[in-house]
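What follows is a short report on a single structure.
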Amino acid sequence: ARCQCKMAPRERRNCGYPGISAVECKKAGCCFNASLPGVPWCFAPKPKRVKKVCPNDPYSRINCGFPGITAKECERRGCCFRPRPAGVPWCFYRRVVEE
């Protein structure tokens with residue numbers, strides 16, 4: 001993603017070899033910007049930012065508890081608790097999504 005390549009030139013960590021082309025650099029999953037001399041032109045992107053969220057679709061829930069688990073016990077496990085609808089897990093794992 002473009003935002004992963006926006007960083008101060010001094011933060012760039014080399015990701016290629018001298019003379020690497022923009023195409024080869026990008027094929028390797030790296031960022032390319034040749035506008036500044038004296039800093040790496042092919043450099044490692046920032047790590048993707050992710051967060052854990054409770055899924056909205058009750059039918060995509062993955063069970064994290066057991067019958068009769070309390071909300072407090074479920075949340076202590078780092079999971080989501082929603083006591084509805086019937087027939088799906090009420091205590092379920094969070095999903096990792098990119099920000």
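The values are calculated or read from the model by the stated rules, or taken from the named source; none is laboratory data. Only a predicted model underlies this, so the values are computations on that prediction, with no experimental measurement involved. As a convention, Cβ positions derive from the backbone with ideal geometry for all residues, glycine included, and neighbour counts pool all protein chains shown. Side chains included, ligands, DNA and RNA excluded: accessible areas come from the protein's heavy atoms. Shrake-Rupley method; radii C 1.70, N 1.55, O 1.52, S 1.80 Å.
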**Report entry** Portion, in percent, of the accessible area of segment 3-44 that falls on carbon or sulfur, probe 1.4 Å
**Finding:** 58
Query raised in the report: Taking a probe of 1.4 Å, how large is the accessible area per residue of the chain, in Å²?
Result: 73
Query raised in the report: Scattering from the C-alpha atoms of the chain alone, worked out with Debye: what is log10 I(q)/I(0) at q = 0.25 1/Å?
Result: -1.21
Query raised in the report: Using mean Cβ contacts within 10 Å as the protection proxy, how do 68-81, 43-56 order, highest first?
Result: 68-81, 43-56
Report summary line: Only helices counted: for the chain, with every DSSP H run of 4 or more residues adding -39500 (n - 2.57) and the sum spread over all residues, [θ] at 222 nm is -2500 deg cm²/dmol
Query raised in the report: Counting only residues 5 or more places away or on other chains, whose amide H sits under 5 Å from the amide H of GLY65 once H atoms are built in the peptide plane?
Result: CYS91
**Report entry** Kirkwood-type radius of segment 9-65, with distances r between different C-alpha atoms, in Å
**Finding:** 14.1
Query - Diffusion constant of segment 50-98 at 10 °C, which comes from Stokes-Einstein with the Kirkwood Cα-pair radius and 1.306 mPa s, µm²/s - result: 147
